[in-house]
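Notes follow the structure.
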Amino acid sequence: MRRKIFIIGLIYMAVALLFPSGASAEETQFIKLSDAPLLSMPEELPDKFTYDDGVDIAYPDEGVKGIYVSGYSAGGERMADLTALLDETELNAMVIDVKEDHGNMMMDLNSDMEMVQNASLDHIDPTVLMEKMEAAQIYPIARVVVFKDSLLAAERPDLSFTHPDGTVWKNGRGESFVNPFSREVWDYNVEVGKQAAKLGFKEIQFDYVRFPEGFEHRADTLEYTRGGYDEGGQDGIQQRVDAVTDFVAYAKEALRPYDVDVSVDIFGYAATQEEAPGIGQNFSRISENVDVISSMIYPSHWGDGYFGAEKPDLDPYRVISGYAQVENEVLDALEDPPVSRPWLQDFTASYLGSGNYKPYGAAEVEAQVQALYDNGIEEFLLWDASNRYSRGVDYSKE
């Protein structure tokens with residue numbers, strides 16, 4: 001049963017008011033109520049006052065080993081096959097589209113926010129979904145695509161990036177982004193996260209937490225608000241890093257009462273350099289503000305020669321192991337590092353051209369997983385946009 005324990009919270013605060021710490025019941029009767037603050041909220045809410053979604057799914061003891069599931073798969077016939085895959089293997093989690101790449105909500109989130117309602121579809125029945133997740137003990141992670149949002153950009157150009165003639169900017173694939181400097185955009189996506197948590201998702205995974213690729217080349221020609229980030233005298237690179245980092249910290253704090261973990265997808269190359277100048281992703285600073293960091297480290301996404309691999313897509317173990325060593329050094333330098341749970345490749349990158357790729361199947365997936373294990377990383381996620389994952393993969397440690 002979903003319930004808010006708000007009344008219990010009021011009782012707790014009333015008791016605290018009548019029986020202050022250090023005073024007995026007998027002494028308390030002489031305290032004037034006018035001398036005490038009325039129903040003041042504690043700075044930190046006790047765990048028992050967090051939201052209870054009523055869905056009983058525990059964090060896997062062996063760590064999360066999951067797959068990406070599109071909203072269309074989750075609400076369609078493919079879901080049965082994907083559930084069977086998890087039942088047959090060590091895989092135990094699904095990252096499910098709640099807010100997908102175009103900006104649509106794939107289910108009714110029961111939100112009072114009009115912008116969320118206007119973007120909502122009924123492709124997934126969330127009650128049925130959570131019943132299935134709970135019955136199979138599949139750890140449910142809500143994927144929320146944040147700043148890539150063509151739908152919101154079209155509806156609210158003032159929250160996006162526009163050309164001088166007022167038209168919304170689009171990238172080469174016809175996609176638009178909304179503005180990471182905008183607090184209204186922050187609140188919109190945090191609202192999605194809150195409602196997903198209420199439905200029973202145990203983790204909110206924010207994706208596309210960044211500015212558009214190559215933004216540094218158009219930052220001074222497009223029109224958009226900087227939300228006050230231009231008032232501190234910092235250059236554009238640092239402004240973008242601050243905005244992206246601040247959103248992550250803001251979202252994590254806002255979701256704290258809902259008892260969910262917060263994770264962020266991030267480009268793997270962000271860990272290999274101090275800054276990602278165009279997009280605003282600083283690996284260390286984002287990692288300091290999340291429970292889980294999920295680097296996208298597909299071998300196909302690295303340039304020739306990275307980590308000693310002449311053709312990275314042809315050498316999955318070398319690439320993943322090389323990256324893991326770099327990431328471990330970065331995370332080890334943090335006082336309270338998050339869980340590392342990288343995205344691995346379970347698709348064939350034929351777009352790289354002949355001689356630069358090979359078909360990916362069980363052997364290639366196993367090589368990537370083993371590379372993580374060999375570097376002390378116990379969790380991972382598999383990506384295939386079509387959700388057709390390799391069969392016969394041994395996900396256990398050697």
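The values are calculated or read from the model by the stated rules, or taken from the named source; none is laboratory data. The structure presented is a predicted model; accordingly, all values stated were derived computationally and were not measured. Cβ: placed from backbone, ideal geometry, glycine included. Neighbour counts: every protein chain shown. Areas reflect the complete protein model, heavy atoms only, side chains present, ligands, DNA and RNA absent. Shrake-Rupley method; radii C 1.70, N 1.55, O 1.52, S 1.80 Å.
Some notes on this structure:
- Of (1) 23.5, 103; (2) 25.2, 86; (3) 23.0, 85, the label for Rg and Dmax of the Cα atoms in Å derived from the coordinates: (3)
- Pairwise label distance in nanometres, residue 304 with residue 155, each label 7 Å out on the Cα-Cβ vector: 4.6 nm
- Spin-label pair residue 84/residue 350, simplified geometry with 7 Å Cα→Cβ offset, distance in nm: 2.5 nm
- Of all accessible heavy-atom area on region 326-395, the percent that carbon and sulfur account for (1.4 Å): 47 percent
- Dipole of region 159-312 [Lys/Arg +1, Asp/Glu -1 at C-beta], most positive-end residue of 197, 177, 161: 197
- Phi angles across region 131-138 convert, under the Karplus curve 6.51 cos²θ - 1.76 cosθ + 1.60 with θ = phi - 60°, into 3J(HN,Hα) values of 5, 5, 4, 5, 4, 8, 6, 9 Hz, Gly and Pro given as x.
- Carbon/sulfur fraction of accessible area - region 165-303, other protein chains in place, 1.4 Å, %: 41 percent
- Pairs exceeding 29 Å between alpha-carbon atoms, taken from 65/358; 99/170; 194/358; 198/397; 202/397: 194/358; 198/397.
- In the context of the full set of protein chains, residues of the chain present 46 Å² of accessible surface per residue (probe radius 1.4 Å, heavy atoms only).
- Once the Cα-Cα distance is subtracted from the 0.36 nm per residue extended length, the residue 118 to residue 213 segment shows a gain of 31.4 nm.
- Point-to-point label distance, residue 249-residue 127, nm (Cα→Cβ direction, 7 Å offset): 4.1 nm
- On full extension, the segment bounded by residue 55 and residue 291 gains 82.9 nm, given 0.36 nm per residue less the C-alpha separation.
- Calculated FRET efficiency for the pair residue 163/residue 259, C-beta based, R₀ 45 Å, to 0.05: 0.55
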